[in-house]
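Down below is the structure, laid out as structure tokens.
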Amino acid sequence: MIDSEKHDSSIPVPTMDSRGKRKWLYPDRRSGANSRKRKLTAFALIAIYLVTPWIQFQGRPLFRIDVLEKKAYFFGLVMRVNEANILAIILATFAIILLLATLVKGRIWCSFGCPQTVFVDWVIRPIEELIEGSAHHRRRIDRESWTFQTWTKKIFKHILFFGVAFIVSNAFLAYFIAPDKLLHWMIQPPSEHPVPFLFMTAVLFVFYGDLAWFREQFCAYLCPYARFQSVMIDQDTPTVSYDAARGEPRGRGDKKGDCIDCQLCVRVCPTGIDIRQGLQLECVMCARCIDACNLVMTNVKKPTGLIRLASQNELLGSRVTPVWKRPKVIAYTIAIGILLSIGIMRTFGRSTLAINVIRAPGASFSTLPDQRHGNMFILQIANNSDSDLHLSIQPQTKGLELLCAECNSIIKKHGEIRISAIAAFDAGLSNSVATLKEATSSQTFELPLIGP
């Protein structure tokens, strides 16, 4: 909650005072239909966030961008670092779906899905309320001289915050590092893996600092989503809006509007804004102000909906354009369709074996004891199928011999091998291109032969 004085519109950020000093927020909590929906959704999402890294699908992680294995797992698909374009297409598709959802339904990601909002609103603040009491009590504790009891509450609160940050940070890391590897790093002495230990510790303290202290500042300063809001929405996008035509002038009396200027909508706001000043980038559309205002309107025997989800056209009494006729909706839908088509073609059009030929560093060619010339190559071969494959590489060009110990071997499903091979050839093939064939999959690939 911010102080009871009216919001100063000259202050650029509601969490700062006129001197640029942070203004700590003590948001009140009021129950209501919107809060109940968000609470149920938050608990379900918390379970999903924490459990997903451990879920296996078809013997592989359900979703993980594994930085150690240099692979990405996505609902049964396995993509390697050289197939990052497929992952980029998938992520771009989800990004545009988010843009479309924002355009049609407003900032539902911020209000319902964002982990920052979910954990701060439904884990961190409830812990604070349980230990230190209501917003009024928390503000009074921070303003008065701290006693032994105050210190005890603060320390206990931050111990719990640290525990939450430990769980959340490691769940976050498990999306990028295999959980068994993380557990190994946790239980082994830090001296055995100093770099991973320092990295995990840094991530832990970043999450602790964010959840325990930074909080709504992330939404106001760092989150790019809020900055894109004006680009993503239009006059028909529903936002948390104050009906100024009905509410003004504020106050109590026969000649006043419905807004009694109780400030409850400001006191419950987790980012400290006054929604009556219009849409602001700090608004995460949590709808706390809607629940609070509806409660007040009910108590003063006035219609609810003074603050509600409404588009600008709706508030102005203008015609609301149907969803399917809005240009941005059409553009986003087309973009999603194009990206999905490209992603499906790229994913299911992959070869069973992905073969990448790299010339080994060093001399361009060498002369073998039998006077033939030799080129050194490195073959990176990946198995994109769900079964083990037998590898058999045979030269298709006359006069070429492939000297390779592993050119006949087994590649495990979704496995990858790296083979060193020497292409031996007569002088007549110098500075030409030779063809090789992988007999099992009938794939051909070429080797540029360099000689004197």
Helix-only mean residue ellipticity at 222 nm for the chain, each DSSP H run of n ≥ 4 adding -39500 (n - 2.57), per residue, nearest 500: -11500 deg cm²/dmol
Cα gyration tensor of region 126-283, axes a ≥ b ≥ c as square roots of the eigenvalues: rounded (a/c below 1.5), prolate (a/b > b/c) or oblate? oblate
Contour minus end-to-end for S420 and A92, with contour as 0.36 nm per residue of separation and end-to-end as the Cα-Cα distance? 114.4 nm
Per residue, how much accessible area does region 121-272 have with a 1.4 Å probe, in Å²? 52
How much of the accessible area of the chain, probe 1.4 Å, is carbon plus sulfur, in whole percent? 64
T147 and I167 label points (each 7 Å along its Cα→Cβ direction) are spaced in nm at 3.1
Subtracting the Cα-Cα distance from 0.36 nm times the residue separation, let me have the gained length for Q235 to S385 in nm, one decimal. 49.1 nm
Under 8 Å for C-alpha pairs, at least 6 residues apart: give me the relative contact order for the chain, rounded to a whole percent. 15
Can you classify region 77-140 as rounded, prolate or oblate using the Cα gyration tensor, where a ≥ b ≥ c are the square roots of its eigenvalues, rounded means a/c under 1.5, and otherwise it's prolate if a/b beats b/c and oblate if not? oblate
On C-alpha positions alone, give me the angle between the axis of helix 194-209 and the longest principal axis of the chain, in degrees, nearest 10. 20
Please give every one of the lysines within straight-line cross-link reach of K23, meaning a C-alpha to C-alpha distance under 28 Å, and leave out same-chain neighbours fewer than 8 residues apart. K6, K39, K153, K154, K157
Rg ratio (alpha-carbon, reference 2.2 N^0.38 Å) - region 1-134: 1.43
Do you know the relative contact order of region 378-428, to the nearest whole percent, from alpha carbon pairs under 8 angstrom that are 6+ apart? 49
Pseudo-spin-label distance T440 to L403, built 7 Å along Cα→Cβ, given in nm, is 2.6
Taking Cβ-Cβ under 4.7 Å as the only way to count a partner, pick out the unpartnered cysteines of the chain. C110, C114, C219, C223, C259, C262, C269, C283, C286, C293
Acute angle (nearest 10 degrees) that the helix 148-173 long axis makes with the longest principal axis of the chain, alpha-carbon atoms: 30
Per-residue HN-Hα couplings for region 34-43, Karplus 6.51 cos²θ - 1.76 cosθ + 1.60 at θ = phi - 60°, whole Hz, x for Gly and Pro? 5, 5, 5, 5, 5, 5, 4, 5, 4, 5
Taking 0.36 nm per residue of sequence separation and subtracting the Cα-Cα distance, how much length would be gained by fully extending the chain between Y221 and L130, in nm to one decimal? 29.9 nm
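The values are calculated or read from the model by the stated rules, or taken from the named source; none is laboratory data. Everything quoted here is computed from the prediction, not taken from an experiment. No Cβ is skipped: glycine too gets one built from the backbone with ideal geometry, and neighbour counts run over all protein chains shown. Please note that ligands, DNA and RNA were not included when accessible areas were found on the heavy atoms of the full protein model with its side chains. Shrake-Rupley method; radii C 1.70, N 1.55, O 1.52, S 1.80 Å.
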